[in-house]
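Below you'll find the structure, written out as structure tokens, and then a few comments.
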Amino acid sequence: MSELKLKDLYDGFRDPATIRMLAAQIGEEAKALHEPLRIMEVCGGHTHTIMKYGLPQLLPGNIDFIHGPGCPVCIMPKERIDHAIALARMEDTILVTLGDMIRVPGSQSSLAVERAAGRDIRPLYTPMDALKIAKENPDKRVVFFAIGFETTTPMTAALLHAAVTQKVDNLYFHINHVLVPPAIDAIMSDGQAKINAFIGPSHVSVITGAKIYAPLPQKYGTPVVVCGFEPVDVMQGILMAVRQQVEGRAELEIEYSRSVTMEGNVKAQQLIDMYLQPRSHFRWRGIGDIPDSALELREEFAYLDAEKVFAEVLPTEPIDDHKLCICGTILKGLAKPMECKVFGTACTPNSPLGSCMVSSEGACNAYYRYAGVLG
Amino acid sequence: MKQVQLSHGGGGEETNKLIHDLFYRHFKNDILIKAEDAAVLQTQGKIAFTTDSFTVSPLFFEGGDIGKLAVAGTVNDLSMMGAKPLYLSSAFMIEEGFAFEELERIVESMAKELAKSGAKIVCGDTKVVPRGSVDKLFINTAGIGEVKREGISSQAIKEGDVIIASRDIGRHGATVLMAREGLEVSADLGSDCETLWPAVEALLAENISVSALRDATRGGLAAVLNEWAENSDVCLEIEEAAIKVSDEVQGICEMFGFEATDLANEGTFVAAVAPMHAAFAVSALQRFGFCRDAAVIGRATTQYPGKVVLHSAFGSRRFLDLPKGELLPRIC
């Protein structure tokens with residue numbers, strides 16, 4: 001077998017002729033839709049692809065995208081960011097986390113502001129780097145502020161496994177891993193969002209298997225297509241959703257069959273299960289409390305749990321978003337970024353009021369960067 | 001291994017020795033070795049004057065090092081104003097304990113890079129600071145060049161001007177990122193770090209009507225195009241498919257969620273030229289190895305003044321925005 005190159009991962013999935021052909025096909029088949037197809041793309045990665053490649057411009061008017069709550073930065077409530085800041089302010093502490101989390105405003109500050117003030121805060125390219133940092137700094141406490149959906153959870157589990165088996169005793173974990181299905185359930189059972197199809201993120205399903213979406217088509221009568229992130233994938237996924245709707249079907253289908261199975265990565269699931277368990281409650285930014293929608297460390301690993309070990313420095317009060325910010329409404333699928341009064345004025349990626357503007361996976365950020373007047 | 005000590009910056013015998021045995025040996029020219037308080041220079045006509053400070057981690061990377069960057073960076077800033085680079089200053093801020101051997105490699109690299117444009121280092125300064133005060137080595141260079149063509153400006157782009165990129169983009173940013181993270185993606189990935197004056201000189205020699213030139217350093221191609229659109233109050237319409245990106249750079253962008261248009265370059269520039277000269281300009285550039293992939297990537301219009309519009313190969317379009325703050329990898 002020849003060596004897999006990075007190019008192979010995307011080459012062909014951006015082919016202009018294929019995208020044009022799919023656009024024409026969707027345009028043709030969508031004529032038979034009885035009502036507009038309002039597709040929620042649950043994941044911010046899909047929002048990014050849709051906006052970056054200008055896909056709505058290629059689609060007929062009766063297909064509309066509704067942006068879902070699937071950006072781990074966007075859904076992080078301010079009090080959790082305040083936790084990260086409080087941990088970073090402790091003496092002899094290095095706080096490590098992933099990407100955009102550095103920029104998200106908490107109630108008073110952000111990790112970027114704290115870093116400029118002299119706190120040791122480091123963005124990671126991969127969670128496993130946290131282990132290296134902990135080993136290189138034996139006289140310091142290293143706290144990993146773990147974020148992300150089902151996709152990034154295995155990396156945290158692998159880091160936990162390495163820390164436990166290698167007996168690294170100065171690495172602590174603040175777990176903020178959240179789960180896709182309870183969030184979709186919360187939005188659909190609320191009843192306000194007019195959604196009649198979903199495209200599900202493929203990278204989540206690579207880990208969990210497509211099976212996690214199995215109840216949705218039956219419960220809400222909506223097609224679910226598990227879909228890759230390249231433009232050809234998204235266009236193909238839309239075509240599959242249109243076909244289901246036209247044919248009166250509501251089924252779980254896999255577009256991203258090159259990596260997704262119904263069962264997923266069982267080894268990763270077992271590793272997660274060994275260290276993490278469902279958390280009874282987690283407050284989603286803008287949405288509110290969703291039961292069983294997040295994970296926490298198992299009791300036997302409480303000695304690694306930053307929320308328990310450093311409980312005395314962590315604030316406990318929930319903190320709401322800025323009054324003018326409608327991130328919550330956007331995350332529930334009830335509004336689009338441009339409907340927000342402060343979009344692009346008081347709230348921009350350089351000085352975000354709300355989390356959807358901060359993260360490159362956030363809906364507001366994607367609209368701001370790519371749409372503008374071309375919308 | 002011999003290391004730089006605080007005494008090397010003290011102004012006494014050790015400093016003197018460092019200057020004579022290292023800097024003069026490699027940068028030797030009539031003006032520098034006079035060792036006066038200031039260099040006395042001879043120029044003709046208008047001069048361009050610029051300065052830049054260089055910090056990079058790691059100091060040595062595939063395709064270059066901080067010394068090559070410090071010379072090419074300043075020489076390129078002059079070149080982008082249509083000015084022939086003549087004289088440079090060079091100030092070193094060195095962390096105590098820095099290896100002499102590495103310092104010499106860097107100085108040699110600077111001397112080699114100077115030869116490409118014929119510019120000379122005519123004055124300099126050396127400071128040695130206690131451990132922890134700087135990250136190993138900072139270099140500041142300033143430069144003076146003789147303006148060979150007036151009127152080249154980011155405010156001079158007119159409707160109809162054609163936008164040319166001198167080569168594929170994002171190599172420097174991707175290379176430094178990979179070196180910093182200790183990742184090996186491909187042996188073919190190296191910085192584009194290069195002195196651009198010979199290519200610019202060729203454009204001027206061909207009498208090509210150049211409205212603007214800009215090397216796409218920090219902020220990458222996206223930053224240059226946005227600054228131009230705003231400063232000249234034109235819309236720059238760019239064909240995404242015409243922008244060349246190597247497989248290695250694109251692969252890194254895929255891994256970390258970056259855009260190649262946001263990544264830094266150190267030997268890639270953008271030119272806005274009159275439409276009737278576009279083909280001449282491209283072929284003049286392609287004579288140079290580092291510009292063999294030069295291509296027209298778009299043109300200036302009046303559609304959305306101040307904005308950059310990117311046209312996809314499949315018929316959609318979007319704005320290309322300025323990169324925002326520090327580049328952070330995506331989460332998933």
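The values are calculated or read from the model by the stated rules, or taken from the named source; none is laboratory data. What you see is a predicted model; the values in this text were computed from it and never measured. Backbone-built Cβ (ideal geometry, glycine too); neighbour counts: all protein chains shown. Calculation scope for accessible area: heavy atoms of the full protein, side chains included, ligands and nucleic acids excluded. Shrake-Rupley method; radii C 1.70, N 1.55, O 1.52, S 1.80 Å.
Descriptive notes on the structure:
- Qualifying position, being at pLDDT 90 or above and open to solvent by less than 20 Å² (accessible area, probe 1.4 Å), among A:Pro315, A:Pro337: A:Pro337
- For B:Arg318, the criteria (1) of a type outside the set (Asp, Glu); (2) more than 9 Å from every other protein chain (Cβ to nearest Cβ); (3) within 30 Å of A:Ile102 (Cα to Cα) hold in every case but one, which is (2).
- Residue that is surrounded by the fewest Cβ atoms within 10 Å (Cβ to Cβ) [pool: residues in segment B:189-212 that are part of a loop (DSSP other than H, G, I, E, B) and acidic (Asp, Glu)]: B:Glu206
- Pairs, first away from every other protein chain (no Cβ under 14 Å) and closer than 10 Å to A:Cys325 by Cβ in segment A:335-357, second open to solvent by 20 Å² or more (accessible area, probe 1.4 Å) and small (Gly, Ala, Ser), C-beta under 7 Å, six or more apart: A:Leu353/A:Ala346
- When segment B:254-264 is limited to residues that are farther than 26 Å from B:Gly160 by Cβ and surrounded by 21 or more Cβ atoms within 10 Å (Cβ to Cβ), the one that is farthest from the chain's Cα centre (by Cα) turns out to be B:Phe258.
- When A:His46, A:His67 are screened for being closer than 30 Å to A:Gly248 by Cα and in a helix (DSSP H, G or I), only A:His46 passes.
- The number of residues in segment A:133-152 that are facing chain B (nearest Cβ under 10 Å) and at negative phi comes to 5.
- Selection count, segment A:232-276, where residues are open to solvent by less than 50 Å² (accessible area, probe 1.4 Å) and without any contact (Cβ under 8 Å) to a residue 40 or more places away in the chain: 4
- Counting only strands (runs of 3 or more DSSP E) that sit completely within segment B:102-187, those holding 3 or more residues that are not β-branched (Val, Ile, Thr) correspond to B:120-129, B:137-147.
- Lone qualifier among B:Leu59, B:Leu41, B:Leu114, B:Leu88 - being open to solvent by less than 10 Å² (accessible area, probe 1.4 Å) and modelled with pLDDT of 95 or more: B:Leu88
- Whichever residue in segment A:98-129 is open to solvent by 40 Å² or more (accessible area, probe 1.4 Å) and among the hydroxyl-bearing types (Ser, Thr, Tyr) and, among such residues, is farthest from the other protein chains (Cβ to nearest Cβ): A:Ser107
- Residue within segment B:138-156 that is surrounded by fewer than 18 Cβ atoms within 10 Å (Cβ to Cβ), closer than 28 Å to B:Lys244 by Cα and touching a helix residue (DSSP H, G or I) at 6+ places or on another chain (Cβ under 6 Å) present: yes
- Top-ranked residue of segment A:76-97 - restricted to ones that are part of a helix (DSSP H, G or I) and in contact (Cβ under 8 Å) with a residue 60 or more places away in the chain, ranked as farthest from the other protein chains (Cβ to nearest Cβ): A:Ala86
- A:Tyr256 meets the conditions (1) modelled with pLDDT of 95 or more; (2) closer than 23 Å to A:Leu58 by Cβ; (3) in contact with a strand residue (DSSP E or B) (Cβ under 9 Å, 6 or more places away or on another chain) in every case but one. The failed one is (1).
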